[in-house]
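What follows is calculated from the coordinates using simple rules that are stated; it is not laboratory data. Keep in mind that this is a model prediction, so the values were computed, not measured. Quick reminder, even Gly has a Cβ in these numbers, built from the backbone with ideal geometry, and neighbours come from all protein chains shown.
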Amino acid sequence: MIDHVHDLDAVREATDRLLSAIGELDNAAVAEPSRLPGWSRGHLLAHLARNADALVNVLEGRPMYVSGEAREADIERDAPRPLDVQLADLRDSSARFLRTADVPADWSRTIEMRNGVTDSAARVPFRRLVEVELHHVDLGIGYELTDLSDEFVAREIDFLTERFTGNPGVPALRLEATGKKHGGKQWSTGRPEGEPVSVSGPPAALMGWLAGRCDGSDLETGGAPLPALPPL
């Protein structure tokens with residue numbers, strides 16, 4: 001059962017953490033490259049602000065974005081802004097999202113994301129949490145995959161393995177977490193046919209590989225090549 005209230009509290013905490021970290025930067029740092037190829041930190045901050053507005057649209061029954069082209073254009077337009085403008089925009093847009101999510105609603109209803117993807121409204125807060133937490137890591141300012149909470153990591157692995165299940169571009173996979181917290185927990189994903197490739201490692205490393213945030217060098221495959229995953 002998805003607890004959207006719990007997830008909204010997590011979004012608030014993650015947003016406050018992100019805003020505090022961004023507040024320590026300067027204009028030069030915002031213009032520097034992020035860990036995402038082709039994007040500066042300013043691109044990431046602009047994306048996070050516009051994503052908050054897009055999720056307000058989703059919760060209020062409007063299209064997430066006017067178009068894919070408009071989404072990209074908005075990010076390019078807003079990326080070069082100075083730190084104070086970026087910070088104010090992200091703070092305001094995040095607050096709008098949280099206010100909208102606080103309005104009493106039917107959280108069991110089906111909503112539509114980009115490209116015709118549908119989901120339960122109750123999962124929207126977790127989707128926002130993923131954006132805030134992973135892009136905080138992508139900024140490359142000292143917040144790492146290993147700083148993410150155990151709960152978040154496990155749930156994001158659940159989410160990503162569900163997303164890759166049945167994908168013809170992903171071979172059959174059997175994932176296993178190692179370590180004290182989630183050691184022994186397993187997930188299956190990818191194509192339903194074929195002998196699964198076994199991939200094991202620390203939960204943060206498994207999640208980072210699934211999310212395209214690391215190369216999987218910390219993972220074990222029993223000597224088999226680590227499969228390449230399609231972009232999310």
Taking segment 58-89, which GluC sites (Glu not before Pro) meet the DSSP loop condition and have no more than 15 other C-beta atoms within 10 Å? Glu60
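Could you work out how much longer the chain between Arg123 and Thr165 gets when fully extended? Use 0.36 nm per residue separation minus the Cα distance between them, nm to one decimal. Each step should come with its number before you reach the end.
Working: separation 42, 0.36 × 42 = 15.12 nm, distance 1.83 nm.
Here the answer is 13.3 nm.
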Does anyone have the angle between helix 150-164 and the longest principal axis of the chain? Alpha-carbon axes, 0 to 90°, nearest 10? 70 degrees
Euclidean distance between Cα centres, segment 67-87 to segment 129-203, Å: 29 Å
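Among DSSP beta bridges lying fully in the chain, give the percent that are antiparallel, nearest 5. If you can, show how the numbers build up before the last one.
Working: 9 of 14 bridges.
DSSP beta bridges in the chain are roughly 65 percent antiparallel.
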Compute the angle between helix 124-138 and the longest alpha-carbon principal axis of the chain, please, reported from 0 to 90 degrees and rounded to the nearest 10. 90 degrees
Protection proxy ranking of 39-50, 17-28, 135-146 - average other beta-carbon atoms within 10 Å, highest first: 39-50, 135-146, 17-28
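Between Arg174 and Arg77, 0.36 nm times their residue separation minus their Cα-Cα distance comes to what? The partial results should precede the final answer.
Numbers: separation 97, 0.36 × 97 = 34.92 nm, distance 4.21 nm.
Contour length minus Cα-Cα distance gives 30.7 nm.
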For segment 137-232, state which trypsin sites (Lys or Arg not before Pro) are in a DSSP loop and have at most 11 other beta carbons lying within 10 Å of their beta carbon. Lys180
Based solely on its DSSP helices, what 222 nm [θ] is calculated for the chain when runs of n ≥ 4 H residues each add -39,500 (n - 2.57) and the sum is averaged over all residues, nearest 500 deg cm²/dmol? -15500 deg cm²/dmol
If Rh is defined by the Kirkwood formula over all Cα pairs and Rg also comes from Cα, what ratio Rg/Rh do you get for the chain? 0.97
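Determine, from the Cβ-Cβ distance of Gln186 and Ala88 and an R0 of 35 Å, the FRET efficiency 1/(1 + (r/R0)^6), rounded to the nearest 0.05. Kindly include the intermediate steps, with their values, before the conclusion.
Working: r = 45 Å, r/R0 = 1.28.
Approximately 0.20, to the nearest 0.05.
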If you place +1 on the Cβ of every Lys and Arg, -1 on the Cβ of every Asp and Glu, and leave all else neutral, what size is the dipole of segment 81-225 about its Cα centre, to the nearest 20 Debye? 300 debye
Report, in degrees rounded to the nearest 10, the 0 to 90 angle that the Cα long axis of helix 83-102 makes with the longest principal axis of the chain. 70 degrees
Quick one: if the Förster radius is 45 Å, what FRET efficiency do Asp150 and Ser67 give, using the C-beta to C-beta distance and rounding to 0.05? 0.75
